[in-house]
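A short write-up of the structure that comes next.
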Amino acid sequence: MEDVKVVARSLMEFLDKSPVNFLAVRTAKEKLEANGFVELDPREKWNLNRGGKYYMTKNSSAIFAFVVSEGDAASGFRIISAHSDSPCFRIKPHAEMLTEGGVVKLNVEVYGGPILYTWFDRPLSLAGRVILRSDDPLNPVTEIVKFDRPLLTIPHLAIHFNRAVNEGNPLSKQKDMLPVIAIVKNVAEKDNMLLRLIADALGQKVEDILDFDLSLYDTTPACLVGINDEFITSGRLDDLSMVHAALTALTETSSTKQTRVMAIFDNEETGSGTKQGAASPVLAQLLRRIVDCMGGNEEDYLRGINASFMVSADNAHAFHPNYPEKYDPTNHPVLGGGPVIKINANCKYMTDADSAAVFRSICEKAGVPCQYFVNHSDVAGGSTLGNILTSQIDLRGVDMGEAIWGMHSVRETGSPLDHAYTIAAFKTFFDL
């Protein structure tokens, strides 16, 4: 297993470069290309070589990479899936709002299910995708933008105006969560402020900006915490830690017995119901194209699917020392205890006894411990990629993740040791 500190530094660098889904995909592309992966255009005819390394993107916010098997077209797939998005705040069109004293705030919309109050009083900035005018209306130009310096903050109301704030504080997403960006002297300074900021950053004209997908992010870097650096704290551990682990395993293994696939979807936090989400046919279509390029047919594809296995990687809830009553009494994973197999009797996860046994065996072969997460029977749980994907492809597979605290907080807490364990397990899975 790799040195835990080395793994932690690599993960923190990835997190800091990936404040939003579009940046996570760009960072992953850079890593893939540095390791010999070639980009494919889904609009063109593909010619794949056995043992070849390839990737494609969808919507600039999802990425799918694979290494083609040296075996026959029905040899099957080893797949690790994760997602690029995290709960945050998206900027609405015509966002600038002028208030008393010339203070400009931005109109935002909540994306996913963040813990709202964790976003107050922090140095925030903007990152995402900008769409620019081109000569072809059907194919505008896409640019990725990231403002590295803090630009905004969401100021909390002082306790003097709400003495009961620590007894429970219901928040309005439209009123309480709007970030401030500037103080201006007149209305003209407010107009198109955001577009002018973007245009300057990209070296473009304001009139050439057609639209954007911009989100807020916390500019505080990822860091290690604890007397012995036992913890890692950062935004977006859910689920970029799993993206990083899958990317590391794919680029640092060499088996070609089966086609190795990394599938990073977008929009998991809002139900996966987009063209780049797990509920779309994008992965099924990709796997079919790979089989076709290997000279196979529909029969080969179906045989290959039945010979395949998928690890659906999305983080799990670690046992919280202050809230033991929230957890199942016998199945509550702890930080540093290894990868977590996620189980639900009502099929919120794709795990069953067979697939749990497979992943447990993989962990044993990798020499790492594993744990189990089952919801407290009085506490409803969420779902993730695995069971959504099985509505498109009848894959055998397991839902798993790393245990973290504060899931959906602006900063979550995990274990660097768990991340090293997960990478070791993923490498073993790909190299079987």
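The values are calculated or read from the model by the stated rules, or taken from the named source; none is laboratory data. Fair warning: this is a prediction, and the values are worked out from it, not measured in the lab. Every residue, glycine among them, receives a Cβ derived from its backbone with ideal geometry; neighbour counts consider all protein chains shown. Only protein heavy atoms, including side chains, enter the accessible area calculation; ligands, DNA and RNA are left aside. Shrake-Rupley method; radii C 1.70, N 1.55, O 1.52, S 1.80 Å.
General remarks:
- When the residues of segment 161-170 are filtered to those that are surrounded by 11 or more Cβ atoms within 10 Å (Cβ to Cβ) and part of a loop (DSSP other than H, G, I, E, B), the one that is modelled with the lowest pLDDT is ASN169.
- Restricted to segment 191-253, the set of strands (runs of 3 or more DSSP E) holding at least 3 residues that are in contact with a Lys or Arg (Cβ under 6 Å, 6 or more places away or on another chain) and either touching a residue at least 24 places away in the same chain (Cβ under 8 Å) or among the aliphatic types (A, V, I, L, M) (or both) comprises 209-218.
- Test set (1) part of a helix (DSSP H, G or I); (2) without any contact (Cβ under 8 Å) to a residue 40 or more places away in the chain; (3) closer than 16 Å to VAL108 by Cα - LYS175 fails condition number: (1)
- Filter result (open to solvent by 20 Å² or more (accessible area, probe 1.4 Å) and either within 23 Å of ASP213 (Cβ to Cβ) or not in a loop (DSSP other than H, G, I, E, B) (or both)) within segment 28-53: LYS29, GLU30, LYS31, GLU33, ALA34, VAL38, GLU39, ASP41, PRO42, ARG43, LYS53
- Residue ID - farthest from the chain's Cα centre (by Cα), chosen from residues in segment 133-149 that are open to solvent by less than 70 Å² (accessible area, probe 1.4 Å) and in contact (Cβ under 8 Å) with a residue 24 or more places away in the chain: PRO140
- Check on ARG43, in contact with a Lys or Arg (Cβ under 8 Å, 6 or more places away or on another chain), among the basic types (Lys, Arg) and over 20 Å from ASP238 (Cβ atoms): no
- Any hit, segment 253-276, residues being crowded, with 20+ Cβ neighbours inside 10 Å, closer than 21 Å to PHE77 by Cβ and of a type in the set (Phe, Trp, Tyr): yes
- Entry remark, segment 1-27: residues being open to solvent by 60 Å² or more (accessible area, probe 1.4 Å) and of a type in the set (A, V, I, L, M, F, W, C) number 2 in total.
- For segment 383-414, a residue qualifies if it is among the hydroxyl-bearing types (Ser, Thr, Tyr) and either open to solvent by 10 Å² or more (accessible area, probe 1.4 Å) or without any contact (Cβ under 8 Å) to a residue 60 or more places away in the chain (or both), and the qualifying residues are SER383, THR390, SER391, SER409, THR413.
- Of all the listed residues (LYS92, LYS105), the sole one being surrounded by fewer than 14 Cβ atoms within 10 Å (Cβ to Cβ), at pLDDT 95 or above and in a strand (DSSP E or B) is LYS92.
- Lone unmet requirement of (1) modelled with pLDDT of 95 or more; (2) open to solvent by 70 Å² or more (accessible area, probe 1.4 Å); (3) out of contact with any Ser or Thr (no Cβ under 9 Å at 6 or more places or on another chain); (4) among the acidic types (Asp, Glu) for ASP121: (3)
- A count restricted to segment 207-224 and to residues that are touching a helix residue (DSSP H, G or I) at 6+ places or on another chain (Cβ under 6 Å) and either open to solvent by less than 40 Å² (accessible area, probe 1.4 Å) or of a type in the set (Ser, Thr, Tyr) (or both) stands at 2.
- In segment 227-252, the qualifying residues are those that are open to solvent by less than 20 Å² (accessible area, probe 1.4 Å) and charged (D, E, K, R), and the one that is farthest from VAL334 (Cα to Cα) is ASP239.
- Some residue of segment 264-277 being of a type in the set (Asp, Glu), within 22 Å of ARG360 (Cα to Cα) and assigned to a loop (DSSP other than H, G, I, E, B): no
- THR57, sole failed condition from (1) hydroxyl-bearing (Ser, Thr, Tyr); (2) touching a residue at least 60 places away in the same chain (Cβ under 8 Å); (3) not in a loop (DSSP other than H, G, I, E, B): (2)
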